[in-house]
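> The structure follows.
We did not get these values from a lab; they are worked out from the coordinates using the rules stated. These numbers were taken from a predicted model, which means no experiment stands behind them. Cβ sites come from the backbone with ideal geometry, for glycine too, and all protein chains shown count toward neighbours.
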Amino acid sequence: MEIIKNLHSYLAYVVLAVLIIAVFNAIMGWLGKKDFAMHKDLRISLFALILSHIQLLVGLLLYFVSANGLKAIQTLGMGGLNAPARLLALEHPLINIIALVLITMGWSRHKKVMESHKKFKSIAIFYGLGLLLILSRIPWGQWFG
């Protein structure tokens, strides 16, 4: 279980870095009125999508085997969770699932349009919202504490 927890923690750094790059790249392409390049822009966005989904799968695995996930809710009940426990058992997984839905929507929307500025706009907005949600529910105290 410790291996899964470490993988989830260290992979989070990579996912955050790639998501930040993808959002920044999309904003620069959108505002700079650049052409959406398959060899660069598509790959950055796709890499962010894939890594985010891998992180979600590792996180879900951790949620079901960790004492801080589903077991905490089953043991203490929703009313028995303090703020740090609620963050790990409920808020972090739920908000990150919503974030991944938004990122996936951004990817899907970008594929349906032909204009470069619309592709960049979809990725910038949806990946950006997903990134903000992820950042809002990282257990910073445990991560750096």
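> Treating only the Cβ atoms of Lys and Arg (+1) and Asp and Glu (-1) as charged, compute the dipole magnitude of the chain about its Cα centre; round to the nearest 20 debye.
Here the chain has a charge dipole of around 440 debye.
> Now a separate question. Output the direction-averaged projected area (hull surface divided by four) of the convex hull of the alpha-carbon atoms of segment 33-90, in nm².
Values: hull surface 23.3 nm².
With the hull built on Cα positions only, its mean projection is 5.8 nm².
> Also, I was wondering about something else. Length gain on complete extension for the stretch L70 to I20, per 0.36 nm per residue less the alpha carbon to alpha carbon distance? Don't jump to the answer; show the numbers that get you there.
Numbers: separation 50, 0.36 × 50 = 18.00 nm, distance 2.97 nm.
That works out to 15.0 nm of additional length.
> Also, I was wondering about something else. Would you kindly give the portion of the calculated P(r) for the chain that falls above 18 Å, as a percent of all Cα pairs? Walk me through the intermediate numbers first.
On the way: 5908 of 10440 pairs.
For the chain, the share of Cα pairs beyond 18 Å comes to 57 percent.
> Which whole-number percent gives the relative contact order of the chain, counting Cα pairs below 8 Å spaced six or more residues apart?
32 percent
> Compute log10 of I(q)/I(0) for segment 1-45 with the Debye formula, placing one identical point scatterer on every Cα and leaving out solvent, at q = 0.31, 0.32 Å⁻¹, to two decimals.
Listed by q, the Debye log ratios stand at -1.03, -1.06.
> As I understand it, the value is the acute angle between the Cα axis of helix 2-31 and the longest principal axis of the Cα atoms of the chain; what does it come to in degrees, rounded to 10?
So the inclination is approximately 30 degrees.
> Right, here's the next one. Once both axes come from the Cα atoms, what is the angle between helix 92-112 and the longest principal axis of the chain, in degrees from 0 to 90, rounded to 10?
20 degrees
> Moving on to the next point. Add -39500 (n - 2.57) for each DSSP H run of 4 or more in the chain, then divide by its residues: what number comes out at 222 nm, to the nearest 500 deg cm²/dmol? Display every interim value, and only then the final one.
Details: 7 runs with 111 residues, N = 145.
Theoretical 222 nm ellipticity from helices: -25500 deg cm²/dmol.
> Label point 7 Å out from H117 along Cα-to-Cβ: which residues of segment 6-49 have amide N under 11 Å?
Answer for this model: 30-34.
> Pulled fully out, how much extra length does the chain show between I4 and S136, if you take 0.36 nm times their separation in residues and subtract their Cα-Cα distance?
45.3 nm
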